[in-house]
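**Student:** One structure follows; several queries about it will come next.
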Amino acid sequence: MQGGPGAPLSARELPALLERVHDALTDRRSVLDDLNVFPVPDGDTGTNMTLTVRAALQELNDAASVSGVQRSRDVIRGAIRGARGNSGVILSQVIRAVVEELTGHAQIDAATYARALGEARTLAYEAVAEPVEGTILTAIAAAAAASAAAVDDGADLITTSSRTCTAVAEAVTRTHDQLEVLRDAGVVDAGARGFEVVLAAVHGHLTGEDPPVVLDAPAHAERHRDDRCHGSLTHPFEVQYLLDADDEVARVLRRVLEQLGDSVVVVAAGGLLNVHVHTGNVGAAIEAGLGHGRPSNIQVTHFGDQMSARAAASHTAVGAVAVLSGAGALSLAGSMQAVVVEGAAGSLPPVADLLVAISGVQAHHVVVLPGHRNVVPAARQAADLARADQGLQVRVMESAVTPPAVLAALAMLDPDADPDATIADMVDAAGAVRAGEVTAALRAADTPIGAVRGGQFLAIAAGDVVAAHDDPVAALRSVMGHLDAAGAEILTLLVGGDVGGDEHEQVVGLIEELAPAAEAEIIAAGQRPSRYWVGVE
């Protein structure tokens, strides 16, 4: 990070401060990931902390025109909404404490700086059901104690910041001996080191020069992770979701989740909770939230799959991110070696989710298959960020904007083959698909074919409404006719979740009638809102 004149801590400086913190984490993201062996060696602490700060920064930029107090609330909610993983959720509480202290102040002095870190310590420890020393919590506590001691000694802001950074660096070094898993791996705690990076960036904002942060990860840390990749984990799933509920629910929910697993972290901000737990009972963890509010942004990660993918990543030349909907389609894409992101019309994935997926591929070349034309802009932005932040070779395949085109492209994916040839084959496969869908009209509307009633089934071919029918099979007939299914060599039909047995038999007969020469595959994709997606080649 470049040096230069420093800047004060103040509400006005918050955008520049968060930018500096974000850049510092981005520069060190991969090394922090490599340090990550606790609580499980999933290798994503640096990524999670970076994305958490990025979410706060994005919210800050989006809220540039609103009042100071409302802007602060938006930034805090943005950090909590975008927080990822254990360390990311805890870091969101540090951001919350800092933003709340900065709000309304033209300039921050040493005492206010110390109060912010003291509040960060309180919020961080409250968020965790069972605080463990030798982690990011230890580093935050060291920062709070050191800053308070410096203020008691009469130190100014820069001296207080310097003494705090030194104390945190020493505390991070000690984490190596505080947890057996860190000692065995020969590393310090990744979250604690990430917090050290954050404080160093704040100090750099004040002085124009960042203090050094030692980030060398001993080589056997990666071996230690590999040794555990295929072992049994007591709680093999990471479950994280947002919950619209009163802040008071956080305390109750922590107690419930403690009975279901470990690494329980629940934070709240004005009616929005970010819930995180490692568990073997995914359903119960989600149902615990349902008892108090409406969960959203549900993410479930199987550590074994995640760690195995990471261990094999260095051997992968090309990988793919596929945006699809429906359990059947997602499972199929996963079996075709894609990292999958759930999304469809009415529920498109945000840039952050696509960026996480791209990072999860960890191949030298990554192809993003948007699955819907409206996903393309977010996919482009995520690809740009991945190129800038991680140096990845990322391509958004804009011809793969329908589910059949996505699956056709994935059929050509060979992770160990020449990237240029593989990607060219995927482009050709996606481009060769003519696709259409059958979906129910949500309301009465005027269309290019005339007025349609709500509930009628729309036949859509190549993006255009070509017919409307009361019967979904009749609508499918219209779609297949417009796609020239009679001349198809390959026909793929993705079936939604509401199709019953009698209708299924009608559809099979329709395919035999209209595409007798085609090699047909019917997939129980379970996608919504489309009842059918059909692709012909």
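**Student:** Full-extension gain between Ala441 and Thr103, please, as 0.36 nm times their residue separation minus the C-alpha to C-alpha distance.
**Tutor:** Extra length available between Ala441 and Thr103 comes to 116.9 nm.
**Student:** Excluding ligands, DNA and RNA, what is the solvent-accessible area per residue of the chain at a probe of 1.4 Å, expressed in Å²?
**Tutor:** Values: 22190 Å² over 537 residues.
Result: 41 Å² per residue.
**Student:** What residues have an amide H closer than 5 Å to that of Leu348, excluding those fewer than 5 places away on the same chain, when H is modeled at 1.01 Å from N in the peptide plane?
**Tutor:** Close amide H contacts, sequence-distant or interchain: none at all.
**Student:** With a 1.4 Å probe and every protein chain kept in, tell me what percent of the accessible surface of segment 293-423 is carbon plus sulfur. Walk me through the numbers on the way to the answer.
**Tutor:** Numbers: 2690 of 5350 Å².
Taking all protein chains in place, segment 293-423 shows 50 percent carbon and sulfur surface.
**Student:** In addition: From the helices alone, meaning DSSP H stretches of at least four residues, give me the mean residue ellipticity at 222 nm for the chain, per-run term -39500 (n - 2.57), in deg cm²/dmol to the nearest 500.
**Tutor:** Mean residue ellipticity, 222 nm, calculated: -16500 deg cm²/dmol.
**Student:** Looking only at the chain, where both bridge partners belong to it, what percent of the DSSP beta bridges are antiparallel (to the nearest 5)? Can you show the working numbers first?
**Tutor:** Numbers: 46 of 66 bridges.
Taking every DSSP beta bridge within the chain, about 70 percent pair in antiparallel fashion.
**Student:** How much accessible surface does Glu489 have with a 1.4 Å probe, in Å² rounded to 10?
**Tutor:** 140
**Student:** Calculate how steeply helix 472-482 sits against the longest principal axis of the alpha-carbon atoms of the chain, using the helix alpha-carbon long axis, and give the answer as 0 to 90 degrees to the nearest 10.
**Tutor:** 80
**Student:** Then there's this: Amide H to amide H under 5 Å from Leu272: which residues, 5+ apart in sequence or cross-chain, H placed 1.01 Å off N in plane?
**Tutor:** Ala245
**Student:** Next up: Compute the length gained on full extension between Asp152 and Asp470: take 0.36 nm times their separation in residues and subtract their Cα-Cα distance, giving the result in nm to one decimal.
**Tutor:** 106.8 nm
**Student:** With everything on Cα atoms, drop me the angle between helix 45-62 and the longest principal axis of the chain, reported from 0 to 90° to the nearest 10.
**Tutor:** Value to nearest ten degrees: 80.
**Student:** Angle between the Cα long axis of helix 68-82 and the longest principal axis of the chain, 0 to 90 degrees, nearest 10?
**Tutor:** Taking the Cα atoms of the chain, the angle to 68-82 is about 60 degrees.
**Student:** Further question: Kindly identify segment 321-441 as rounded, prolate or oblate by the Cα gyration tensor criterion: order the square roots of the eigenvalues as a ≥ b ≥ c, call it rounded if a/c is under 1.5, otherwise compare a/b with b/c, prolate if a/b is larger, else oblate.
**Tutor:** Oblate shape, in that a/c is at least 1.5 and b/c is the bigger or equal ratio.
The values are calculated or read from the model by the stated rules, or taken from the named source; none is laboratory data. Remember, it's a predicted structure, so these values are computed and weren't measured experimentally. For the accessible areas, the whole protein counts, side chains as well, though only heavy atoms, and no ligand, DNA or RNA atoms are used. Shrake-Rupley method; radii C 1.70, N 1.55, O 1.52, S 1.80 Å.
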